[in-house]
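Have a look at the structure below, then the notes.
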Amino acid sequence: MTRKIIVFSLLLSLTVSLLIIYLTPPIDDFHPENTYWNGLSRAVEMLNITFGKLEATVLTYPGSKALIILSPSIPFTSSEIEAIKNFLQNGGLLIVADDFGLSNTLLEGLGITARFNNSLLRDPLFMEKSSSLPKITVKELKAWNISTITFNYATVIDGLQLKPLASSSSFSYLDLNLNGKWDPEEPKGPFPVIAEIPYGSGLIIMLSDPSIMINSMINMEDNQKLLKNIINERKVFLDISHWSTTPYTAVKESLNVIAKFSLTIEAKYSILIIVTAFIIKYTPIIKHRIIDEVDEALRKHPDWSREILQKLVKERIGKQ
Amino acid sequence: MAGIVNRAWRSCRLQAFKSLLVFTVLIILALQLVASTIPHHVDIREVADEIPYAPDLLFIYSSIIDFVRAEDYSNAIEKLREVINVYVPENIKYVFSRFNELLNSEVQLLNETNLNINYAYKFYVLGFIDDSRRCLDEASLTLAKANLTHNELEAACIQLSKRIPLRQLLDKLGNLKSIINSYWIEIRDLWYRLTYIGEIYETRLTIQVDKYRVWVGSTIRVSGYLESIHPLGNRNISIYIEDKHIATAVTNSEGYFSREITIPYIYREEVKLYASFTPLGSDIGRFKSSTSNIVKIKLLYTTPIIKAFIDRSYVKPLDKIYLVGLIEPRVPEVYVKAFNKHSTINVNSTGWFNTTLTVPDSIDEGTYTIIVGSYSLNTIAPSETALKLTVYRLPSILTIKPPLIALSGFKTRLTGLALGGETPLGEANITLEIYGQTYLVATDSQGLFVIDIQTPHTVNTGFHIVKAILNPKEPWYRIAIVEESIFTLNPYMASAPIILALILLKTTIPKRRWEAEITPSTPIREPIKEAKPLPVGIARIYFEAVDIIMRITGIEMKPYNTIREYLTIVGEFLDGITDQFRELSYMAEAYLYGGIEPDMDKAMNLLKDIKGFKHD
């Protein structure tokens, strides 16, 4: 009995889990459909962002487009780098926002010397609750009416061939050993955190924290205003093909594929046939037939055994 | 007994529910596990409050006090604005804000005091004694307020140091007290001077120039006279043009001065010239300062006329534009600003210049401006002229021929043609996107291209969009994008419902058909079915007759019906063939139970009669 309960519960819970996963939004960091604190659903709505795989068609008409690369965890291929290079040379805007991801492979491919440092930026004074959430006072972007932006686990930008648009405070430092406090060997600020690099007819904006776009951060200080000013009326495309997904989202995506597949002609007809066959097979006519036949026989021969008659009918049906 | 069963069932259900809950939570949690060293971010609501790092905070306060000591109040106030942005947890926010407010107030009061002392001194120097006294009164008042604020500030500092370890801050605040004391000394000193000052005399300064229209870079003579109750000799006079100090002159013993000044290279129609006298040394407290009358001087200079032409105003990328021009009067060189580039061109002896510009290949279509200009050179002012030109691209045409139908798992060939007007576009890049795949090919010299598309096994049956982008090698052609659809058939998936239907027909449906045969709820009115194999002899003939009777009457012969029973049941419904079926039934009964051989010819005739019977 206990084993049966466990197996039944396991199967049922698997079904319930899959249903919950299918019905609830994704939970991956930066997922454009993630409505929780770490998703991009608000940014997608506010900035009218379209998202998808990085393909040649999304990079056409570069003069009116902005491409956002957000903390990639899968390196860029040479053909992708070539396509982005072409996009930039023809007037495109590339926004590379990264902290601990693999954007440097893209920058290297583009032949840019600037790099994301990939070390954690802390500010023990100008912060939001914790030194790992530094506040950046922007002096260089007065024309955009931006004064402060708040980061969440950011890094800094290294390199010479760039124009810094915002820098961390002189009290900020790079927490190389992640012990949460400044040590004498750790470099102190100010560090560039937003920079622009002209590239061909286009422009690259480097943002040392992709998290300013997440739901819990986009409305902090002037974060939203900064993004709107950078984008400046361009159509925005967010690349989602360079993130590795969590098992949860992988399952969710698989369920979406299954759900999508179930709407195809083949699947619809298969389901229809299965359901019809199921109904035909399990409609309880047989039982009635047995009862009818046995009752009729008993009316004529009341002395016969009902049980034997029922058994005989069942056996006969079984053979057929 | 029933109670025990119910309790057991309830217990089982509870156990099942608990297991369900535990497994569900475990499955979802297991799927959410992701290994990471540094997170991209944290949920801000769950972040614990940190107090600011005390040494850094002390550093900021020390720098504010140091700026005040150096009388650099603008930097001190800037730092104060910064310190307001330092984060402190909610429980110490009040103490922190109070301290900052008091510090800000004290710095502002000290700044006002300092400004008032400075103004008081300046007014004293210029001889405006009443204004000087008024400023000194203000300075005394603000300094008294600063002194009171300082006492409150020290108390707030003690409170703050209890929450954030800033022990040295109180010592640092002592420096502000020293500044207050030094300002007291300055105020007292100036009060003393103002108290014992004698009468201060007005001064008058007049100037004139020898020329009112001059070339830029040339000289003019400025003369003037300074007097008070008597002419003031050996005094410094400052001369200004457009508020910029140009020269200093010294009055002679009769109060006159005269000197030549050079007009700067300002390319403006008119400039204002004036002079001023400021008392120095022993004149302070005796004479007031004065400013002269303003003299307007018309400036002369030459503005060159630039005439520039381009050989065409509609151009394509990589086109060459020939630019020619004439500048009068001649200057050695002119500059050209075009397509975000700046170049310099030499001008020949007759004033003509020319150059060739190339339209960049990556430039967008639209209207652009070419600026041709010259730099200033002594009496020649700078000049500019603008030329407009339009950049355009030729249209390109891309046509693709997708197949009518594509089968998944197989290769499909797609051909296309790239044209620029009627010219084939060779070596043009074609990017093709279909089934989530991207293909890159180049056109041949005829503008043709062929792409073999590998249709994936997993693609669904239906129309799929194929998108092609033409990026010509020649930059003067536009990019072209076309979309077509291909009907794709997936034989594996399409066959699935058919196979499924066949399997189910084989396994499920026959049972239902059999069932219909043995359950006559309604009279059978079906057409005669093909005869199933029957026993030989009289039995075969009998059952064939029974089949016919069943169809006529709708009454089935049940397996347990004897021949006679069935005859009794159907007898009254047979009308014209009752006798025939009765006789045949008896013959069959005699054969089956008695082993009596029947007359087969007769039996056949009886069956024939039954078959020939037509029921109404």
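The values are calculated or read from the model by the stated rules, or taken from the named source; none is laboratory data. These numbers come from a predicted model, not from an experiment. Note that each Cβ is placed from the backbone with ideal geometry, even for glycine, and that neighbours are counted across all protein chains shown.
Residues in the range A:206-217 that are surrounded by 19 or more Cβ atoms within 10 Å (Cβ to Cβ) and within 20 Å of A:Thr50 (Cβ to Cβ) were compared, and the one that is farthest from the other protein chains (Cβ to nearest Cβ) is A:Leu207. Considering only residues of the range A:122-145 that are under 19 Å from A:Ile157 (Cβ atoms) and away from every other protein chain (no Cβ under 11 Å), which is surrounded by the fewest Cβ atoms within 10 Å (Cβ to Cβ)? Among those residues, the one meeting the criterion is A:Glu140. The residue of the range A:245-268 that is farthest from B:Ile499 (Cα to Cα), among those that are under 12 Å from the mean Cα position of the chain (by Cα), at the interface with chain B (Cβ under 9 Å from one of its Cβ atoms) and surrounded by fewer than 16 Cβ atoms within 10 Å (Cβ to Cβ), is A:Pro247. In the range B:304-326 there is no residue matching the filter, namely being within 14 Å of chain A (Cβ to nearest Cβ) and touching a Gly at 6+ places or on another chain (Cβ under 6 Å). The set of residues in the range A:84-103 that are within 9 Å of another protein chain (Cβ to nearest Cβ), more than 16 Å from A:Gly63 (Cβ to Cβ) and not acidic (Asp, Glu) comprises A:Phe100, A:Gly101. Of all the listed residues (A:Asn48, A:Asn38, A:Asn34), the sole one being away from chain B (no Cβ under 12 Å) and under 30 Å from B:Val22 (Cβ atoms) is A:Asn34.
If you check A:Lys235, A:Lys225 for being away from chain B (no Cβ under 14 Å) and at pLDDT 90 or above, only one passes: A:Lys225.
Annotation: B:Asn348 fulfils all but one of (1) within 29 Å of B:Thr302 (Cα to Cα); (2) assigned by TED's automatic domain parsing to the domain that holds B:Pro475; the unmet one is (2).
Among the conditions (1) out of contact with any Gly (no Cβ under 8 Å at 6 or more places or on another chain); (2) at the interface with chain B (Cβ under 10 Å from one of its Cβ atoms), A:Ile69 misses just one, which is (2). Within the range A:12-23, the residues that satisfy the criterion of being more than 9 Å from every other protein chain (Cβ to nearest Cβ) and free of Cβ contacts under 8 Å to residues at least 12 places away in the same chain are A:Thr15, A:Leu19, A:Leu23. Hey, can you tell me all the residues within the range B:533-585 that are of a type in the set (Gly, Ala, Ser), assigned to a helix (DSSP H, G or I) and over 14 Å from B:Leu607 (Cβ atoms)? Across the range B:533-585, the qualifying residues are B:Gly571, B:Gly576. Among residues of the range B:192-228 being of a type in the set (Gly, Ala, Ser) and part of a loop (DSSP other than H, G, I, E, B), the one that is farthest from the chain's Cα centre (by Cα) is B:Gly198.
Residues are listed down the side, and each one gets a yes or a no for (1) in contact with a helix residue (DSSP H, G or I) (Cβ under 7 Å, 6 or more places away or on another chain); (2) free of Cβ contacts under 8 Å to residues at least 40 places away in the same chain; (3) more than 14 Å from chain A (Cβ to nearest Cβ); (4) surrounded by 15 or more Cβ atoms within 10 Å (Cβ to Cβ):
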| position | (1), (2), (3), (4) |
| --- | --- |
| B:Met557 | yes, yes, no, yes |
| B:Asn561 | no, yes, no, yes |
| B:Val570 | yes, yes, yes, yes |
| B:Leu574 | yes, yes, yes, yes |
| B:Ile577 | yes, yes, yes, yes |
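Restricted to strands (runs of 3 or more DSSP E) entirely inside the range A:184-243, those with at least 3 residues that are in the same structural domain as A:Asp123 (by TED's automatic domain parsing), within 30 Å of B:Gln437 (Cβ to Cβ) and touching a residue at least 24 places away in the same chain (Cβ under 8 Å) are A:235-239.
Count of the range A:174-198 residues, restricted to those that are within 31 Å of the chain's Cα centre (by Cα) and within 14 Å of chain B (Cβ to nearest Cβ), is 8. Of all the listed residues (B:Tyr183, B:Tyr196), the sole one being more than 23 Å from B:Arg81 (Cβ to Cβ) and in contact with a helix residue (DSSP H, G or I) (Cβ under 6 Å, 6 or more places away or on another chain) is B:Tyr183.
Looking only at the range A:290-320, which residues are over 14 Å from B:Pro559 (Cα atoms), at pLDDT below 75 and facing another protein chain (nearest Cβ under 10 Å)? Of everything in the range A:290-320, just one residue is over 14 Å from B:Pro559 (Cα atoms), at pLDDT below 75 and facing another protein chain (nearest Cβ under 10 Å), namely A:Gln320. Against the criterion of being out of contact with any strand residue (DSSP E or B) (no Cβ under 8 Å at 6 or more places or on another chain) and under 21 Å from B:Gly612 (Cβ atoms), B:Gly594 does not qualify. Filtering B:Val88, B:Val83 for residues that are in a helix (DSSP H, G or I), within 11 Å of another protein chain (Cβ to nearest Cβ), β-branched (Val, Ile, Thr) and under 19 Å from A:Ser130 (Cα atoms) leaves a single hit, B:Val83.
When restricted to residues that are assigned to a loop (DSSP other than H, G, I, E, B) and exposed (fewer than 15 other Cβ atoms within 10 Å of the Cβ), the range B:253-265 contains 3.
If you go through the range B:231-275 and keep only what is among the acidic types (Asp, Glu) and under 22 Å from B:Phe287 (Cβ atoms), you end up with just B:Glu254. From the set of residues in the range B:579-616 that are in contact (Cβ under 8 Å) with a residue 24 or more places away in the chain and small (Gly, Ala, Ser), which is nearest to B:Arg551 (Cα to Cα)? Among residues in the range B:579-616 that are in contact (Cβ under 8 Å) with a residue 24 or more places away in the chain and small (Gly, Ala, Ser), the one nearest to B:Arg551 (Cα to Cα) is B:Ser585. How about the range B:37-59: which of its residues are within 7 Å of chain A (Cβ to nearest Cβ) and in a helix (DSSP H, G or I)? Those that are within 7 Å of chain A (Cβ to nearest Cβ) and in a helix (DSSP H, G or I): B:Ile44, B:Asp56, B:Leu57. Of note, A:Thr113 satisfies the criterion of being touching a residue at least 24 places away in the same chain (Cβ under 8 Å), in a loop (DSSP other than H, G, I, E, B), more than 14 Å from every other protein chain (Cβ to nearest Cβ) and more than 15 Å from A:Asp222 (Cβ to Cβ).
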